[in-house]
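A short worksheet on the structure shown next.
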Amino acid sequence: MGSPSTRKRGSKQFWPRVRAQKSTAVVNSWDPKNLYNKETKFLGFPVYKVGMTSIGLIDNFSHTLTKGTEVNVPVTILEAPPVKILSVRLYALDEYGNIQVVKEVLANIKDKFLSRKISVANKTPKIDSPEDLIKFSLENDVEEVRVKVFTTPSETTIGKKKPEILEIGISGNSIEDKINFALSNLGKSISVSDVFKGGELVDSHGITTGKGFQGAVKRFGVKLTSHKSEKKRRHAGNLGAWTPSRVGHTVPLPGQHGFHERTEWNKWILKVSSNKDEINPKSGFRTYGIVKSDFLLVKGSIQGPKTRLITLVRSIRPNKRYPKIAPEITYINK
């Protein structure tokens, strides 16, 4: 008989535990509380996970015992090559209350690696003027403006050429400001320094490390049964009562473990820099290589394996205890 004080393993918040459809996370909500509508800016940026290291910094929290002293902090290194804006999308609500694309303006981009992902038209697309798009948005009750971007993994050393395509939301005080901002950047390259800076809080959207089909012990932390138990040891001791005659959803069973789409809130950006010599070891990072583009240092860990694409989004519920100024970094372990 199991101990009654043992807590249940495996959060039921994430259910069913199935594989993600693709290795790029989908962000459904960018700024639900309008926290960043005072400034017209991009709300996110895709990055590649390099690995982890540790740094020394001067603690600038206002209510800690180590305030003003040097502490050692684990950080995740994220490489952020520039992205290019492929199109501008206008979203409106349909008759069922669901958001959908009502207008899309494509940029005239000729990229040899992008053609491996999508078919690029030979003719030059017609780009509407800001006045026409603003008039269209008023007639169709446009609710949101986003841009579709594609990454440039060819500028990294991960050995990948085909880009990922994803959406990025835009913050602003009005739809007109968002449309003008999006069209002014259509077809241009955007760097991570244009979006984030040190001291900001972000949410990381990504796919966790896949571990395949696993049993109940590894998947939920179930204790091994006694060596005198019947048949096997690495299984749930009881599948439930006879009545009702079915297995409940709370019973730990084997299944897919890892490669799930997850979001981690309030990741603190400690540094955004383009000086690669600060972090690159002589032999490069294991299973990744050498950082060639701009990079970020984020406090703590980030979900997913190395080389996995992570989408950083401005925090939708920022923690007020974090300082808004990045701390002073004294050293970085290579």
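Laboratory data are not the source of any read-out in this text; all were calculated from the coordinates shown. Quantities reported herein were computed from a predicted structural model and do not represent experimental measurements. All Cβ positions, glycine included, derive from the backbone under ideal geometry; neighbour counts span all protein chains shown.
Helix 175-184 versus the longest principal axis of the chain: what angle, 0 to 90°, nearest 10, using Cα atoms?
Helix 175-184 sits at roughly 80 degrees to that axis.
Say each of Asp111 and Thr330 gets a label point 7 Å from the Cα, pointing the same way as Cα to Cβ; how far apart are those two points in nm?
Each label point is offset 7 Å from its Cα along the Cβ direction, giving 4.2 nm.
Below 17 Å, Cα to Cα, which lysines can Lys231 reach? Residues fewer than 8 away in the same chain don't count.
Lys223
May I ask for the longest run of the chain untouched by GluC sites (Glu not before Pro) that are loop-located per DSSP and have at most 12 neighbouring C-beta atoms (other than their own) within 10 Å? Working shown, then result.
Working: sites that count: Glu39, Glu95, Glu230, Glu328.
Counting at most 12 other Cβ atoms within 10 Å as exposed, the longest clean stretch of the chain is 96-229.
Using the basic label-point model (7 angstrom from Cα toward the beta carbon), what is the Arg321 to Asn37 distance in nanometres?
The answer from the label model is 3.0 nm.
Pulled fully out, how much extra length does the chain show between Glu70 and Gln21, if you take 0.36 nm times their separation in residues and subtract their Cα-Cα distance?
13.3 nm
Using Cα springs under 10 Å in a Gaussian network model of the chain, which residue among Gln100, Gln13, Gln303 shows the largest mean-square fluctuation?
Looking only at Gln100, Gln13, Gln303, the biggest GNM fluctuation is shown by Gln13.
Whole angstrom only: what separates the Cα centroid of segment 45-112 from the Cα centroid of segment 191-253?
Segment 45-112 and segment 191-253 have Cα centres spaced 27 Å from each other.
For the chain, take the longest principal axis of its alpha carbons; what is the angle in degrees between that and the long axis of helix 130-139, to the nearest 10 within 0 to 90?
60
Under unit Cβ charges (Lys, Arg +1; Asp, Glu -1), what dipole magnitude, rounded to 20 debye, does the chain have relative to its Cα centre? Before the final figure, lay out the partial values.
Working: 56 positive and 31 negative charges, 487 e Å.
It comes to approximately 2340 debye.
Which one of Ile310, Asn60, Phe259 has its Cα pushed farthest toward the positive end of the charge dipole of the chain, where Lys and Arg give +1 and Asp and Glu give -1 at the Cβ?
Positive-most Cα among the choices belongs to Phe259.
Shape verdict for segment 35-167, please, from the Cα gyration tensor: rounded (a/c under 1.5), prolate (a/b greater than b/c) or oblate.
Working: a/c = 3.21, a/b = 1.55, b/c = 2.07.
Since a/c reaches 1.5 but b/c is at least a/b, the shape of segment 35-167 is classed as oblate.
Using a Förster radius of 30 Å, what is the FRET efficiency between His63 and Thr209 based on their Cβ-Cβ separation? Nearest 0.05, please.
Working: r = 35 Å, r/R0 = 1.16.
That gives a FRET efficiency of 0.30.
Once amide H atoms are placed 1.01 Å from N in the peptide plane, what residues at a sequence separation of 5 or more from Gly304, or on another chain, have their amide H within under 5 Å of its amide H?
Thr209
Go ahead and collect, in residue order, the members of segment 48-80 whose backbone nitrogen is under 16 Å from a label point 7 Å along the Cα-Cβ direction of Lys276.
48-51, 77-80
How would you rank Thr64, Thr208, going from fewest to most other Cβ atoms within 10 Å of each one's own Cβ?
Values: Thr64 12, Thr208 16.
Result, fewest neighbours first: Thr64, Thr208.
Counting Lys and Arg as +1 and Asp and Glu as -1, what is the net charge of the other residues whose Cβ lies under 10 Å from the Cβ of Lys49?
Working: positive: Lys306, Arg308; negative: Glu79.
Around Lys49, the surrounding residues sum to +1.
Please give the contour-minus-distance gain from Val247 to Tyr96: 0.36 nm per residue of separation, less the Cα-Cα distance, rounded to one decimal in nm.
Answer, rounded to one decimal: 50.8 nm.
So what's the back-of-envelope 222 nm ellipticity for the chain, counting only DSSP H runs of four-plus at -39500 (n - 2.57) apiece and dividing by all residues, rounded to 500?
Details: 3 runs with 25 residues, N = 334.
-2000 deg cm²/dmol, from helical runs alone.
List the lysines whose alpha-carbon lies under 19 Å from that of Lys306, not counting same-chain residues fewer than 8 positions away?
Output for Lys306: Lys22, Lys49, Lys160, Lys161, Lys162, Lys211, Lys267, Lys276, Lys282, Lys292, Lys334.
If you place +1 on the Cβ of every Lys and Arg and -1 on the Cβ of every Asp and Glu, how big does the dipole about the Cα centre of segment 1-112 come out, in debye to the nearest 20? Mind showing how you got there, number by number?
On the way: 17 positive and 9 negative charges, 107 e Å.
Once rounded to the nearest 20, the dipole reads 520 debye.
Starting with the fewest neighbours, write out His227, His235 ranked by other beta-carbon atoms found within 10 Å of each beta-carbon.
His227, His235
How much FRET efficiency would the formula 1/(1 + (r/R0)^6) give for Ser174 and Ile290, where r is the Cβ-Cβ distance and R0 is 35 Å, rounded to 0.05? Display every interim value, and only then the final one.
On the way: r = 43 Å, r/R0 = 1.24.
My answer for the efficiency is 0.20.
What order do you get for His63, His205 when you list them from fewest to most C-beta neighbours inside 10 Å? List each step's numbers first, then the result.
On the way: His63 6, His205 23.
Fewest-to-most ranking of His63, His205: His63, His205.
Please report, in debye to the nearest 20, how large the charge dipole of segment 210-334 is about its Cα centre when each Lys and Arg carries +1 at its beta carbon and each Asp and Glu carries -1 there. Can you show the working numbers first?
Numbers: 26 positive and 7 negative charges, 80 e Å.
Magnitude of the dipole: close to 380 debye.
Do any chymotrypsin sites (Phe, Trp or Tyr not before Pro) in segment 22-128 lie in a DSSP loop with no more than 16 other beta carbon atoms within 10 Å, and if so, which? All intermediate terms of the calculation are to be shown ahead of the outcome.
Values: sites: Trp30, Tyr36, Phe42, Tyr48, Phe61, Tyr91, Tyr96, Phe113; in loops: Trp30, Tyr36, Phe61, Tyr96, Phe113.
Answer by residue number: Phe61, Tyr96, Phe113.
Kindly write out, for segment 191-200 in residue order, the coupling ³J(HN,Hα) from the Karplus curve 6.51 cos²θ - 1.76 cosθ + 1.60 (θ = phi - 60°), rounded to whole Hz, with x marking Gly and Pro.
Karplus-based 3J(HN,Hα) across segment 191-200 equals 9, 5, 5, 7, 10, 10, 9, x, x, 8 Hz.
Specify which residue in the list Ile168, Thr157, Tyr91 is farthest towards the positive end of the charge dipole of the chain, using unit charges on the beta carbon of Lys, Arg (+1) and Asp, Glu (-1), about the Cα centre.
Farthest towards the positive end: Thr157.
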